[in-house]
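The values are calculated or read from the model by the stated rules, or taken from the named source; none is laboratory data. As the structure is a computational prediction, the values presented were derived from the model and not from experiment. FYI the Cβ positions are ideal-geometry reconstructions off the backbone, even for glycines, and counts take in every protein chain you see. All accessible areas refer to the heavy atoms of the entire protein, side chains included, with ligands and DNA or RNA removed. Shrake-Rupley method; radii C 1.70, N 1.55, O 1.52, S 1.80 Å.
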Amino acid sequence: MSLPCPERARRCAGVLTAALLLTACDREQRRVREIAPGATAAPFVVQNDALQAGPMLIDPAIRYDYERNAWAIAEGKTYFEAFNCVGCHAPGGGGAMGPPLIDSLWIYGSDPENIFQTIVQGRPRGMPAFGGRLPNAEVWKLVAFVRYLGGFTPQDTRPGRDDHMRGTTVDPQEGPPSARRGEIPPEQRAPGDDPPRSPPARDSTRKP
Amino acid sequence: MIAVARIAAVAALQTTEIGDRMSAMDPAGVQAQRIRDLSTFLFIVGALVTAIVAGAALAAVLRRSSDAHAAAPTTDLAAAQPERERHAAAWVAGGLGATIVILLVFLVFDFGVGRAMVTMPGADSALTVHVRGQQWWWDVQYDDPDPSRRVRTANEIHVPVGRPVLLRLTSRDVIHSFWAPNLHGKKDLIPGHEAFTWFRADTAGVYRGRCAEYCGLQHARMGFIVIAQPPEEFAAWYEAQLRPAAVPADSLQHAGERVFMSRGCVLCHSVRGTPAGARLGPDLTHLASRRTIAAGMLPNTRGHLGGWILDPQQVKPGVRMPPNQLAADELHALLAYLEGLR
């Protein structure tokens, strides 16, 4: 380069800063108005295997790019609890009635398209079919979260950790926090386990 | 075009039908009355003090400029004018004394008002309402010792006039704040923590409220309404809310119910008396009895409801409800069904 040293350093710093600023753009985008492909009545076929009968079908364009989107993975985490995935796969994806999702080897495949088909079509012996009920964009968010559980997503898009303060008060409709968090109820707890959290003292009506 | 429609919708809500004067200076309940009395007293006394201080400063400036010509110039003012020095000291002492007295009066008054606001009269007859804030709407549940007499609704709180209402406030996600200025001050809804406050509406009417703690994208549109009614009207409303959802009356409403149950609606909303029992979104059992939708943002009319269902992100971008792709006849049937949920 023909530039003198300080000028070169300044230019490098500028390029590096710009590059750094641009790396986080995709991670924090909130694409709230997305209507993902496959939402129409036409069947949404995903090629799960290279083997197929007859002439080769052309893969439809599947737009899954939530893998690097932290917001989508966080939304998927909310849906994972709200739509009762935790009922079979346990909070945190450890598996109970349903298979665990924190390993990375699944019968029906771990590619995003495979997970999408599993959620949309259902699977034998217990996995319900959510296709037609869940809009496709929401399914893709769940796919992104399941991929996170399996360890496929980059580390900088991790969703926030569970806030255990969230479940401390007893909601009259939702029951005690231990039941909501999937913990062992106090009466079934073995001696030597951690003592349960004491209920919060009644708050006075003083100003905050 | 869309912006005009949005402004018109908001303007429609500003009519006298729904709280045309959402102001802490317009109290309709005893708590807001106490707050306004205290702030009026502070304001008047403060204004007087400001006037006196400003007057004294002005007098000092004018007197000094007029005396400069009369007295002989000297560097030692204190030795030359001991009387002036005593005069000034008297003023300072008087001002200091007056300030201490005024502040003590403020302290006592504020303490008295604070204690009065905390003490809820008639604890046995109080109506208990659980309010759980979440992004960006209010989950309201009326408490009752009998679980079958608990009412769950959203964004709209009916209260009887003249009866204290105990609010138990919590949040599902981030900190919100409950503020109905005509009725009370602000009280934060903190996740993992239950806060208590009480108010009493002394005048019947419809009062707007809003979230008063920044909570995300749609904090500005997280409103609610409090409707204070005579006790008989409130009891009638409560009984109506206890009833399960209305059965579809005609084939169009039946088709709408099928759309509701077979599409994404059931994943988030509940309609008591049907298989829909999800808790993520507001309870829709008596949706048609509410005056507003979208947390006090839109009037509850067919057009607004249809637009909201099809694309809530256009109205309130970032809100938790996704766009729904419905065919025209499906939407028509669904709206007919929802209008029947009185």
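Go through (1) open to solvent by 10 Å² or more (accessible area, probe 1.4 Å); (2) more than 9 Å from chain A (Cβ to nearest Cβ); (3) in contact with a helix residue (DSSP H, G or I) (Cβ under 7 Å, 6 or more places away or on another chain) and name the single condition B:L183 misses. Here B:L183 meets the rest and fails (1). Of all the listed residues (A:E81, A:E75, A:E67), the sole one being under 17 Å from A:Q29 (Cβ atoms), part of a helix (DSSP H, G or I) and among the acidic types (D, E) is A:E75.
Condition first: in a helix (DSSP H, G or I), of a type in the set (A, V, I, L, M) and touching a residue at least 60 places away in the same chain (Cβ under 8 Å). Now tell me which residues in the range B:26-55 satisfy that. Residues satisfying the conditions are B:V30, B:A32, B:I35, B:L38, B:L42, B:V45. Considered as a group, the residues in the range B:189-211 that are open to solvent by 30 Å² or more (accessible area, probe 1.4 Å) and over 24 Å from B:G162 (Cα atoms) include one that is nearest to the other protein chains (Cβ to nearest Cβ), and that residue is B:E194.
Of the listed requirements (1) within 12 Å of chain A (Cβ to nearest Cβ); (2) surrounded by fewer than 16 Cβ atoms within 10 Å (Cβ to Cβ); (3) basic (K, R), B:R172 misses just one: (2). Checked against (1) modelled with pLDDT under 60; (2) over 30 Å from B:H158 (Cα atoms), B:E17 passes all but condition (2). Only one entry in B:I7, B:I100 is away from chain A (no Cβ under 14 Å) and at pLDDT 95 or above, namely B:I100.
Among the residues of this structure, B:A220 counts as one that is open to solvent by 60 Å² or more (accessible area, probe 1.4 Å) and of a type in the set (A, V, I, L, M). Note on the range B:254-309: residues that are within 12 Å of chain A (Cβ to nearest Cβ), surrounded by 19 or more Cβ atoms within 10 Å (Cβ to Cβ) and hydroxyl-bearing (S, T, Y) amount to 1.
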